Amino acid sequence: MTIQKITPFLWYSTQAEEAAAFYTKIFPDSRIIRVTPVPSAGATKVVDFVLFGQPFFAMSSGQPEAFNLSISLMVNCADQAELDRYWNALLEGGGAPLECGWLKDRFGIAWQIVPDDLMRMMADSDPVKAARVANAMMSMVKFDVAALRAAYAGTAG
């Protein structure tokens, strides 16, 4: 077994196992590998799980700093149906939409749910195309994939 060089590690006050179960139901190629109680640390548990084949760890242990927007998990989506599916699933149970494709799930984790070509369009060498996409993006909460692509193509109306 190869060890991942960099693995996200999320620290929850009490809900690491619940959060991992929630996420693994949303994304394909996802599962909980193991939940390890840490006997010397009271109610502390470490959860080893995988989302889309990417290893993660989570821990429930006391009162950590609150999650904030400094760190987010970005999900690249091929089309509007995929984007809508993940957006709606992550908001389930008390999440909150933010702006520009961002949301916070019910556990406080920030997510960016984006079209898989957004970064390419925004980095286009034609500054007019890139600006049209950026302007369209700034006006959205949940992304409208067709509108972003139309802005890029110059056909937005």
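Contact map, segment 129-157: first residue at positive phi, second residue surrounded by fewer than 16 Cβ atoms within 10 Å (Cβ to Cβ), Cβ cut-off under 9 Å, separation 6 or more or different chains; pairs are GLY154/VAL128. Within segment 26-84, the residues that satisfy the criterion of being within 20 Å of VAL114 (Cα to Cα), out of contact with any helix residue (DSSP H, G or I) (no Cβ under 7 Å at 6 or more places or on another chain) and polar (S, T, N, Q) are GLN54, ASN68, SER70, SER72, ASN76. Within segment 20-42, residues that are closer than 25 Å to VAL75 by Cα sit with their Cβ atoms under 6 Å from residues that are of a type in the set (Ser, Thr, Tyr) and in a loop (DSSP other than H, G, I, E, B), at 6+ positions apart or across chains, in these pairs: THR24/SER30. Scanning segment 70-81 for residues that are assigned to a helix (DSSP H, G or I) and loosely packed, with under 15 Cβ neighbours inside 10 Å turns up just one, ALA81. Looking at PHE67, PHE56, PHE22, just one residue is assigned to a strand (DSSP E or B), within 15 Å of the chain's Cα centre (by Cα), surrounded by 13 or more Cβ atoms within 10 Å (Cβ to Cβ) and of a type in the set (Phe, Trp, Tyr), and that residue is PHE56. The residues of segment 127-157 that are surrounded by fewer than 20 Cβ atoms within 10 Å (Cβ to Cβ) and of a type in the set (Gly, Ala, Ser), listed by number, are ALA130, ALA131, ALA134, ALA136, SER139, ALA146, ALA147, ALA150, ALA153, GLY154, ALA156, GLY157.
From (1) at negative phi; (2) buried (at least 17 other Cβ atoms within 10 Å of the Cβ); (3) not basic (Lys, Arg), pick out the condition that doesn't hold for ILE32. All conditions are met except number (2). Within the set ASP84, ASP124, the sole residue that is assigned to a helix (DSSP H, G or I), in contact (Cβ under 8 Å) with a residue 24 or more places away in the chain, surrounded by fewer than 17 Cβ atoms within 10 Å (Cβ to Cβ) and charged (D, E, K, R) turns out to be ASP84.
Any read-out appearing in this document is the output of simple, stated calculations on the displayed coordinates, not a laboratory observation. It should be emphasised that the depicted structure is a prediction, and the values quoted were computed from it without experimental measurement. All Cβ positions, even for glycine, are placed from backbone atoms using ideal geometry, and neighbour counts span all protein chains on display.
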